[in-house]
Amino acid sequence: MIKPYKILQIDDLAVIQQGILDLMPIETLLEKKMRGTCYLYETSYIFERVPALATFFKKIGLENPDSIKIAMLFVPPRRLGPLHIDPPDFATYSINIPIINCDNTFMHYFKSDSPGEKMIYEAAGKKVWTVDFKLEDCELLEIQETNKPYIVNISIPHQYDNSQNDTHRYMLLCRIKRNDLIADAIAASVFN
Ligand SMILES: [Fe+2]
């Protein structure tokens, strides 16, 4: 079985979290009534504003900002996300970094023989797509509490779960470009 995720150690986690909160405060996200995935800035700009994040990626060999797409995922309280896989056109793996209110939030992983259904929707003015699955077509593999940084295979059906909380869950999603030799080597070393 392919492992869906692995916890990562990030030494400067608190500095990165504060840097992201300074760049995009929770109040601003609430004012904009943002929800769901949101690609707000170029990675090079985020690296400039949050140097500790750039340092972390440099340490694991990913210093080229073009190798990474960053999204700020802001999930409303009491929300269970769609059961889906992410578009395979850019990334197979994502490094997800909890920013705030991520305790008692979860990711559920599934396996399915169903091809799923392609869904197109809009996020931050851009058309994005996922392949969504029906719960009855899936078998639950594992549940992970998502309060620590982790690398995840987003081609495995998954579903975020903030259903038990009264706060917005704020997570940074760093998608790693496919067919980038370094990125693929990192993923292979993590998952094998
Ligand atoms: Fe996803």
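Derivation of every value follows stated rules applied to the coordinates shown; laboratory data play no part. Fair warning: this is a prediction, and the values are worked out from it, not measured in the lab. Backbone-built Cβ (ideal geometry, glycine too); neighbour counts: all protein chains shown.
For the cross-link pairs 32/59; 3/32; 32/177; 59/134, the ones whose C-alpha atoms lie over 31 Å apart are 32/59; 3/32; 59/134.
Label-to-label distance for residue 9 and residue 188 is 2.4 nm, based on points extended 7 Å past Cα in the beta-carbon direction. Ranked for footprinting exposure by Cβ neighbours inside 10 Å, fewest first, 105, 28 give 28, 105.
Using 0.36 nm per residue and subtracting the Cα-Cα separation, the extra length available between residue 113 and residue 23 on full extension is 28.3 nm. The alpha carbon convex hull volume per residue for the chain rounds to 115 Å³.
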